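The values are calculated or read from the model by the stated rules, or taken from the named source; none is laboratory data. Keep in mind that what you see is a predicted model, and the values were worked out from it rather than measured. Positions of Cβ are generated from backbone atoms using ideal geometry, with glycine treated the same way; all protein chains shown enter the neighbour counts. Side chains included, ligands, DNA and RNA excluded: accessible areas come from the protein's heavy atoms. Shrake-Rupley method; radii C 1.70, N 1.55, O 1.52, S 1.80 Å.
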Amino acid sequence: MYYILTNNKTMTDTKKLTDEDLIEEVRLNDKEVFAIVIERYEDKLLRYAKHLVTDEHKAVDIVQESFIKAYINLNSFSTTKKFSSWIYRIVHNQAMNVVKKYNKETPLLDNIDYKSDENIEKEFEQKETIDKVRSCLNQIPIIYSEPLNLFYVEEKSYEEISDILQIPIGTVATRISRAKIIMKKICLTN
Amino acid sequence: MSHELENIKDSVMSKIHEDKIKMKPKLYFILGSILTFLGLVGSIVMSTFLFSLIRFSVRAHGPMGEYKLNELISNFPWWTSLFAILFLALGIWLIHKYEFSYKRNYLHIIIVFILAIIIAGWIIDTVGVNDKLSRRGPIQGMMRGYMKNGGVQINSLPRLP
């Protein structure tokens, strides 16, 4: 549901709105509200971009450029869909352009703690070394590490990952499953 | 919040304030959708028509079908195909420009597109739309030419004194 904001409404009221309501507000009434949208997503998107390109400065550029693109194309966003998936998709596209440009197919990962409810997590915990996990993750092709990252770090559902990466849900499940297997193999052989 | 993150917000918002970046109007996206739709419809109609016309020509002229096909190709209104392709290309370009976020299963679209052409072409040919077109419509001259002259275009025959 969309709430028309009046001049009397405070920023606190605005912050209670859903993403989609905020976007409608930006489109119709107040461009300033876009700052709230940025605040909501910049941390998450920067973490996601860092996972994809490994370089913090490039990640910042990607996120900034993504917000700019999102703003320019805001009228193409359908509020019946999730803004979260939309903005993640934009960051994904931007990051892929950078990855292609610098020919980085297996990105490094910084400051990422993987959560997992699978046996693989126990194995990692038993080894008690996050460096080793990073080393394993570094060797995973991006097509596997990205859905894994979205699922465990960004806490996206399979459906959202499907929207972000534009692949079928079944493929998302397969890639996550394979990513775990690959990680397991790499970790065990190291 | 880190300094870099503050910079992201400030940088983007300052660009908005200074009007360095502006939202594209809804009309732009509506136009893109319309052009894409027109391009798709145009492509399907033209492809279907071409498909059914080839079947019609080959069936009507039997063993001389190959020769008639050449005649058909030389008399086909290719400009309409060009319009269809132009609309389609423009629409896809616009979609690529803005709809970079929504999932599209291109494989399904292509399969449905091809199936639609084949089925529609077969239906048009089977129900005799081509016969009706030979009596009226923009291509009646071409079709009547094939039928009356055993596959030779009326226009291609020399006029008798």
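Some notes on this structure:
- Counting only other chain Cβ atoms within 10 Å of each residue's Cβ, the peptide A:55-68 averages 3.
- Ordered by 1.4 Å accessible area with all protein chains kept, B:W122, A:W86 run largest first as B:W122, A:W86.
- Between B:E18 and A:I169, the simple spin-label model (points 7 angstrom out along Cα→Cβ) gives 4.6 nm.
- Accessible-area order (highest first, 1.4 angstrom probe) of the listed residues A:L165, A:L28: A:L28, A:L165
- Multiplying the residue separation of B:I111 and B:V41 by 0.36 nm and removing their Cα-Cα distance gives an extension gain of 23.7 nm.
- When each of A:K31/B:K26; A:K50/A:K156; A:K101/B:K22; A:K50/B:K24; A:K58/A:K184 is checked by Cα-Cα distance, pairs over 20 Å: A:K101/B:K22; A:K50/B:K24; A:K58/A:K184
- Region A:46-105: C-alpha gyration tensor shape, a/c 1.5 cut-off, then a/b vs b/c: prolate
- Full-stretch length increase - A:D61, A:S177 - with 0.36 nm per residue and alpha-carbon distance subtracted: 38.6 nm
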